[in-house]
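The values are calculated or read from the model by the stated rules, or taken from the named source; none is laboratory data. All values derive from a computational prediction rather than experimental measurement. SASA here: full protein model, heavy atoms, side chains in, ligands and nucleic acids out. Shrake-Rupley method; radii C 1.70, N 1.55, O 1.52, S 1.80 Å.
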Amino acid sequence: MNAPAKIEDKPENLLPADPMVSMIERVAMDPNLPIERLNAILDMRERQMDKEAEQVFNRDFAAAMAEMPDVPRNGKNKHTGNKYSTLDDLIRTTRPVLAQHGLSLNWQTSINQNEISVTAIVRHAMGHSISTTLSGPRDSGKQMNTLQGGGSTETYLKRYSGFSILGLSSGDEIDDDGRNADKSTIGPEQLEQIEDAIKKIGINVSVVLNAERVDALHYLPASKFGAVMDNLRVTAEKRGVKL
């Protein structure tokens, strides 16, 4: 009866040993090794792993963005008629593609008195991540309580930071006819300038909303920002307030 054949692992089926791990295993067995030397080696290994995670992130992020479809524009500004991509449009479109490459997009929100900050974070399964933060004052539009105003600003900041970190267009920049952004709405910095001026002057935000026929300041067309600020400066001068 023939002896059973010996089964051996083929070299191509074995993962190559990590030289850094092998070195750490060897030095860890040395009882005379100073703890400072071991800590330095472990720190070096951690930096190497971080670099590898960043390289894999860059590769997978680039692949995901190459496959990313256009984000639909299901939102419509009832005042300007401009179509734009909502936060829901962004999440529904990007989440499946990001997940296929081990990526995810989420947000962290913090509140400091009347200012809301939202940080958009893209994470990779290997641990590397990138982030960007946008901040703005709580929306104080008419018929909004404090909670509603906070929710409105948070959604606004999530939307803008999400599109920004992924390098996608929200539709605010260009309308459906291909004309550039005379119908786009003001950004977070412009919103903050208007809010700050209103606060210093001591008028109610409804004065601006009624004059511009918008329900909330973040609906104000970007093309009207200069005129609104000019009007606020005139009002400030009449009241002896310096902006």
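Annotations
- Gyration tensor (alpha-carbon) shape descriptor, the range 180-232, a/c threshold 1.5: prolate
- A 1.4 Å probe over all protein chains sorts Thr109, Thr146 by accessible area into Thr146, Thr109, starting with the largest.
- Whether the range 62-111 is rounded, prolate or oblate, judged on the alpha carbon gyration tensor where a/c under 1.5 counts as rounded: oblate
- Violating pairs (Cα-Cα greater than 23 angstrom) within the set Lys83/Lys200; Lys76/Lys158; Lys158/Lys200; Lys199/Lys242; Lys158/Lys199; Lys78/Lys199: Lys83/Lys200; Lys158/Lys200; Lys158/Lys199; Lys78/Lys199
- Sorting Glu36, Glu46, Glu154 on solvent-accessible area from highest to lowest, probe radius 1.4 Å, gives Glu36, Glu46, Glu154.
- Stretched out straight at 0.36 nm per residue, the stretch from Lys200 to Ser164 would grow longer than its current Cα-Cα span by 9.9 nm.
- Accessible area of Leu33 in the full protein assembly, 1.4 Å probe (Å², nearest 10): 40 Å²
- Here the accessible area of the range 188-243 is 46 percent carbon and sulfur, with a 1.4 angstrom probe and all protein chains present.
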